[in-house]
Amino acid sequence: MVDKTSLAFGFLIGASLSAASAVIFLLATTSASSSRRRPIRRQSSRVVRRRSTSPRKTHKHSSNNHNDIDEDEEIRDGVAGLIGNTPLFRINSLSEATGCEILAKAEFMNVGGSTKDRVALGIIDEAEAAGHIVPHRGDTIFEGTVGSTGISLAVIARARGYCCHIVMPDDQAQEKYALLEKLGATVEKVRPVSIVDRNHFVNLARRRAVEMNKEADRLDAIAAAEADARHVDGESPNSTAGTATGTATPSLGSLWQSGTLTSATAGAPRGYFCDQFENLANFHTHYTTTGPELLRQTNGTMHALVLGAGTGGTLAGLTRYLKPRIPGLLVVLADPTGSGLYHKVKHGVMYAPTEREGSRKRHQVDTVVEGVGINRLTKNFAKIVKEGYIDEAVHVDDREAVEMSRYLVQQDGLFVGSSSALNCVAAVRVARQLGPGHTIVTLICDHGTRHLTKFWSDEYIEAHGLTPRATGLEFLDDRPTPELFVKLGPRGGSPSQPQIISQAASKSRK
């Protein structure tokens, strides 16, 4: 017969073990659940966080379930929330060919399809803050552009309640005009001329904004005079309040004359010229958004930043932000045929051989590459070139850009625009100079779909004698490249981290 004391003791031991097992199971389940949650990525301030009210779905078809989300879903706030925080990815073919890590920030993933979305949003935000434009009043955004900035402005203008008027050279890819028109923008095409010509596309866009504001001033003055007349006749809607308080109500006319009545309070629609080349909101946008993103994504492990420049805002913003935070970072300008920026960096003089008297061609910058290259010093680019922030410059000719674009499609499935191809050519040249083991960062600015009728047109490329022939990267060996950098010895006592400076800097030490 079983002893009652032994039976009770056994029951107690069994219950204790069962409770311990339950605790261990709960802890393990909680830990596993926590580990399955993907880490929260830093997002822009334009994110609305809302707790999910619908049940979470499990997708058994994928072992790496990208559809799993945190209980707090991240909902972007409109179109503006879809700008920025673009991914950084490895270009496999170029990395494997050079022994370096060649990384590119996928700026084509912004809502408007290019890095110019950041600039457009920054410029419009600042204009609104300053009271230059007011949503849904009929105000118009004016800009002179070769396309990408105009498309970005048209997207944000539509979302914010503005009209958009874009002035462009008439020789750009046809799909850019079509896309602008589909976005509701007015597109004004002009003949390509020098910036000193009053009908240059930038100058004309500025003039269109001035004309609209003159008309707005005229209409507001008429409205103010009519309000004054009603005020004298005692018809002012505020006259009763003024009488009740014993004070005279200021008339609209007097407010207008004193400057109290501004574009933000006046009734007539007004125009705003964005001026992306000289507007430092361009530089500031990249300094406050793209730069911090790159620093976080690379964890500060970056040896060279390689990028082309048009307005100079992207390169200037990134350089001014990253250089002080990444010791030894090399900044290299990629410049197309006919642009003077290469010579400005290398020799301190804004000069291009195509600008010699008698050799000037139809285009200011004679290249099939759109969006980069210029023959004047903008305020944005001046933020870095005058203070020596740029270490080197690489010239990229049209054939190299065309060949690189086709190579990237064949090897990586990357269908990039012309300026992005130029960036990749320069990145490979820098990687070859620095040697294996370095990390080079560039930007894929936009997608090739914006360049179908020019840069990606076989007929257009053949007409310019640029039909691609290469099967690999051998096209980069056709033109000798001078040595860009020299190694001066160990940095901080580490043989694996040689101090590298530009050729220009090394000459100044001799």
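The values are calculated or read from the model by the stated rules, or taken from the named source; none is laboratory data. Not measured: the values here are computed from a predicted model. Heads up, the Cβs are rebuilt from the backbone with ideal geometry, glycines too, and the neighbour counts pull from every protein chain shown. Side chains are part of the model used for accessible areas, which takes the heavy atoms of the whole protein and leaves out ligands, DNA and RNA. Shrake-Rupley method; radii C 1.70, N 1.55, O 1.52, S 1.80 Å.
Figures for the structure shown
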item	result
Residue match in segment 228-247 (condition: of a type in the set (A, V, I, L, M, F, W, C), out of contact with any strand residue (DSSP E or B) (no Cβ under 7 Å at 6 or more places or on another chain), more than 30 Å from residue 376 (Cα to Cα) and at pLDDT below 65)	yes
Test: residue in segment 165-177 that is in contact with a Leu (Cβ under 6 Å, 6 or more places away or on another chain) and assigned to a strand (DSSP E or B)	yes
Residue in segment 136-157 that is closer than 30 Å to residue 191 by Cα and among the charged types (D, E, K, R) present	yes
From the options 134, 196, 187, 155, residue that is β-branched (Val, Ile, Thr), outside any loop (DSSP other than H, G, I, E, B) and surrounded by fewer than 24 Cβ atoms within 10 Å (Cβ to Cβ)	187
Within segment 88-131, considering residues that are among the basic types (Lys, Arg) and in a helix (DSSP H, G or I), the one least open to solvent (accessible area, probe 1.4 Å)	118
Segment 412-452: number of residues that are outside any helix (DSSP H, G or I) and either among the aliphatic types (A, V, I, L, M) or in contact with an Asp or Glu (Cβ under 6 Å, 6 or more places away or on another chain) (or both)	10
Selection count where residues are open to solvent by 30 Å² or more (accessible area, probe 1.4 Å) and aromatic (Phe, Trp, Tyr), scope segment 437-473	2
Conditions (1) surrounded by 19 or more Cβ atoms within 10 Å (Cβ to Cβ); (2) in contact with a Pro (Cβ under 9 Å, 6 or more places away or on another chain); number of the one not met by residue 148	(2)
Helices (runs of 4 or more DSSP H) enclosed by segment 270-355 - at least 2 residues per element that are under 15 Å from the mean Cα position of the chain (by Cα) and crowded, with 24+ Cβ neighbours inside 10 Å	281-285, 313-322
Odd one out for residue 399 among (1) surrounded by fewer than 24 Cβ atoms within 10 Å (Cβ to Cβ); (2) not in a helix (DSSP H, G or I)	(2)
Residue 390 vs. criteria modelled with pLDDT of 95 or more, part of a strand (DSSP E or B), out of contact with any Pro (no Cβ under 8 Å at 6 or more places or on another chain) and not polar (S, T, N, Q)	no
Test: residue 369 is surrounded by fewer than 23 Cβ atoms within 10 Å (Cβ to Cβ) and of a type in the set (Val, Ile, Thr)	no
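Residue by residue, here is whether (1) free of Cβ contacts under 8 Å to residues at least 40 places away in the same chain; (2) hydroxyl-bearing (Ser, Thr, Tyr); (3) surrounded by 22 or more Cβ atoms within 10 Å (Cβ to Cβ); (4) in contact with a Gly (Cβ under 7 Å, 6 or more places away or on another chain) holds:
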site: 422; (1), (2), (3), (4): no, no, yes, yes
site: 425; (1), (2), (3), (4): no, no, yes, no
site: 435; (1), (2), (3), (4): no, no, no, no
site: 475; (1), (2), (3), (4): no, no, no, no
